[in-house]
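Sharing a structure with you now.
The values are calculated or read from the model by the stated rules, or taken from the named source; none is laboratory data. Being a predicted model, the structure only gives us computed values, none of them experimental. Quick reminder, even Gly has a Cβ in these numbers, built from the backbone with ideal geometry, and neighbours come from all protein chains shown. Quick note on the areas: whole protein, heavy atoms, side chains included, nothing else; ligands and nucleic acids left out. Shrake-Rupley method; radii C 1.70, N 1.55, O 1.52, S 1.80 Å.
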Amino acid sequence: MSFNEKIHWAAFVALTSAFGWYFLAYPWQIVGTRAGVAAAADMLLPVTIIIIGAMSLTAAFFAIRAPKEAHLKDDERERTIHMRGTHLAYYPLVLGVWANLFAIFYQLSAAVHLNLLIATVVVAELVRVGSQLYFYRRGY
Amino acid sequence: MARLPFTNDIRTLRFMAGEMTQAELGDRVGVTRQTIAAIEQGKYSPSLEVAFRIAHVFGKPLEAVFQWESGTD
């Protein structure tokens with residue numbers, strides 16, 4: 001397994017666990033109020049710290065174990081994999097933007113918009129990282 | 001997964017080049033070991049440049065490394 005693939009696995013696990021916790025623990029009963037935004041902000045802080053921390057630790061761990069691999073530049077296959085993953089992530093991103101536009105028409109609360117945007121980014125990232133992992137496993 | 005319309009003799013050529021490893025070939029071509037493995041297994045179709053580089057490492061013409069499968073379009 002290449003260094004990039006290991007980092008992708010770490011990103012996938014970190015994203016799933018951190019945002020899984022966020023969406024499960026979010027106090028949905030106050031999503032329609034002003035406090036819903038503050039709650040999201042409070043919860044996003046630990047989520048961000050967990051993701052950055054987990055990614056940095058994983059990258060450092062694998063870089064120390066195999067420094068040569070960590071310094072390798074992406075080759076054409078890896079660039080293709082990254083491009084295809086990013087392309088696939090574009091679709092949930094567009095769907096999320098449209099969902100937000102409809103939320104504006106229905107005059108939903110700011111916290112609903114915020115959570116919808118967070119969900120859009122998370123789903124797009126999971127599609128990107130997940131599809132890239134699939135392509136890594138498949139060979140391209 | 002769609003099968004590539006060509007095969008390759010990289011494994012044999014590596015063997016004949018003193019059991020050259022995939023990592024060594026990757027270093028000389030400028031790609032990762034995983035990419036050489038994917039090309040060798042027919043999972044990844046390399047660019048023309050990488051194909052020529054692989055052939056160049058073995059000192060062979062391109063068609064001695066990659067062969068178009070007869071019967072494919």
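If we keep just the residues of the range A:22-49 that are buried (at least 17 other Cβ atoms within 10 Å of the Cβ) and within 15 Å of the chain's Cα centre (by Cα), which is nearest to A:Ala111 (Cα to Cα)?
A:Tyr22
Among the residues that make up the range A:64-73, is at least one of them among the aliphatic types (A, V, I, L, M), open to solvent by less than 70 Å² (accessible area, probe 1.4 Å) and at pLDDT below 90?
Among the residues of the range A:64-73, at least one is among the aliphatic types (A, V, I, L, M), open to solvent by less than 70 Å² (accessible area, probe 1.4 Å) and at pLDDT below 90, which makes the answer yes.
For the range A:97-140, enumerate the residues that are without any contact (Cβ under 8 Å) to a residue 40 or more places away in the chain, under 18 Å from A:Met43 (Cβ atoms) and of a type in the set (S, T, N, Q).
Selection gives A:Thr120 alone.
Results for (1) open to solvent by 70 Å² or more (accessible area, probe 1.4 Å); (2) of a type in the set (Ser, Thr, Tyr); (3) farther than 30 Å from B:Ala37 by Cα, shown as yes or no for each residue.
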residue: A:Phe19; (1), (2), (3): no, no, yes
residue: A:Leu57; (1), (2), (3): yes, no, no
residue: A:Leu95; (1), (2), (3): yes, no, yes
residue: A:Gln107; (1), (2), (3): yes, no, yes
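Then there is this: For the range A:1-103, give me every one of the helices (runs of 4 or more DSSP H) that falls completely inside it and has 3 or more residues that are under 17 Å from A:Val121 (Cβ atoms).
A:3-25, A:35-65
If you don't mind, another one. Considering (1) open to solvent by 80 Å² or more (accessible area, probe 1.4 Å); (2) of a type in the set (Phe, Trp, Tyr); (3) within 13 Å of another protein chain (Cβ to nearest Cβ), say which one B:Trp68 fails and leave the rest.
Tallying (1) open to solvent by 80 Å² or more (accessible area, probe 1.4 Å); (2) of a type in the set (Phe, Trp, Tyr); (3) within 13 Å of another protein chain (Cβ to nearest Cβ), B:Trp68 fails exactly one: (3).
While we're looking at this one, here's another question. Looking only at the range A:109-140, which residues are surrounded by 17 or more Cβ atoms within 10 Å (Cβ to Cβ) and within 14 Å of chain B (Cβ to nearest Cβ)?
A:Gln132, A:Leu133, A:Phe135, A:Tyr136, A:Gly139, A:Tyr140
Which one of these is away from chain A (no Cβ under 11 Å) and either closer than 24 Å to A:Phe3 by Cα or not aromatic (Phe, Trp, Tyr) (or both): B:Asp27, B:Asp9?
Result of the check over B:Asp27, B:Asp9: B:Asp9.
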